[in-house]
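Shown next, in structure tokens, is the structure this report addresses.
The values are calculated or read from the model by the stated rules, or taken from the named source; none is laboratory data. Predicted, not measured: the structure shown is a model, and the values here were computed from it. Ideal geometry is used to build each Cβ from the backbone, glycine not excepted, and the neighbour counts take in all protein chains shown. The protein model used for the area step is the full one, side chains on, heavy atoms only, and it has no ligands, DNA or RNA in it. Shrake-Rupley method; radii C 1.70, N 1.55, O 1.52, S 1.80 Å.
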Amino acid sequence: MAQRLDVQGARLAVEQTAQNLGLTRTTRFINVLELGLVRNSSNEAPVQKGWEVGFEIPLFDWSGARVAKAEHVYMQTVHRAAQTDIDARSEVRQAYGAYRSAWDIAKHQRDEIVPLKQRISEENLLRYNGMLIGVFELLADTREQIASVNGYIEALRDFWIAETEMQI
């Protein structure tokens with residue numbers, strides 16, 4: 001999984017998107033008007049009494065839509081990377097399943113079918129030497145033995161193809 005180029009590319013795309021977007025939100029408040037009790041008790045100025053009104057309004061970052069778009073682009077990249085990882089794991093599981101079943105079939109052909117066909121062929125040759133079967137039966141048996149060896153060769157070829165696909 002770590003060697004797959006699509007997984008590495010997806011991770012690099014997420015990192016690059018995060019660097020390119022610089023997702024920060026800044027909001028500020030400014031005082032337009034203040035409300036409160038005004039009392040000046042300094043000795044140098046005349047005493048003032050009254051009410052003071054204050055009103056704070058927020059200054060919004062007017063690029064909020066741009067920031068939201070950047071966040072969505074980043075999250076899309078993250079979700080694409082996650083989907084790439086999921087797909088890669090699925091492909092690896094499928095490739096391993098094909099590899100394992102091809103190996104089991106080739107092993108069964110090598111260990112069971114080919115030796116059994118060879119043993120049957122040897123027994124038929126003994127029967128032919130004893131004049132119990134004819135030449136056509138012996139030839140048919142030889143064809144079956146050749147077919148079993150060809151089946152093993154094909155199973156071995158399928159195994160090597162499955163192993164190559166798993167490594168890709």
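Brief remarks on what is shown
- Paramagnetic reach from ARG11 in region 66-87 [backbone N under 18 Å; point 7 Å along Cα→Cβ]: 77-87
- Ranked order, LEU132, LEU12, LEU156 - accessible area, probe 1.4 Å, largest first: LEU132, LEU12, LEU156
- When nucleic acids and ligands are ignored and a 1.4 Å probe is applied, LYS107 ends up with an accessible area of around 80 Å².
- Accessible area of TYR99 (1.4 Å probe, protein heavy atoms only, ligands and nucleic acids ignored): about 50 Å².
- Sequence of ARG66, ARG100 when ordered by accessible area, the most exposed leading, probe 1.4 angstrom: ARG66, ARG100
- For region 93-158, the residue among ASN150, ILE105, LEU126 whose Cα projects farthest onto the positive side of the dipole built from Cβ charges is ILE105.
- Ordered by 1.4 Å accessible area with all protein chains kept, ILE133, ILE105 run largest first as ILE105, ILE133.
- Size of region 100-168: Rg and Dmax of its alpha carbons, in Å, are 15.8, 56.
- Heavy atoms of TRP103: accessible area, 1.4 Å probe, square angstrom to 10: 90
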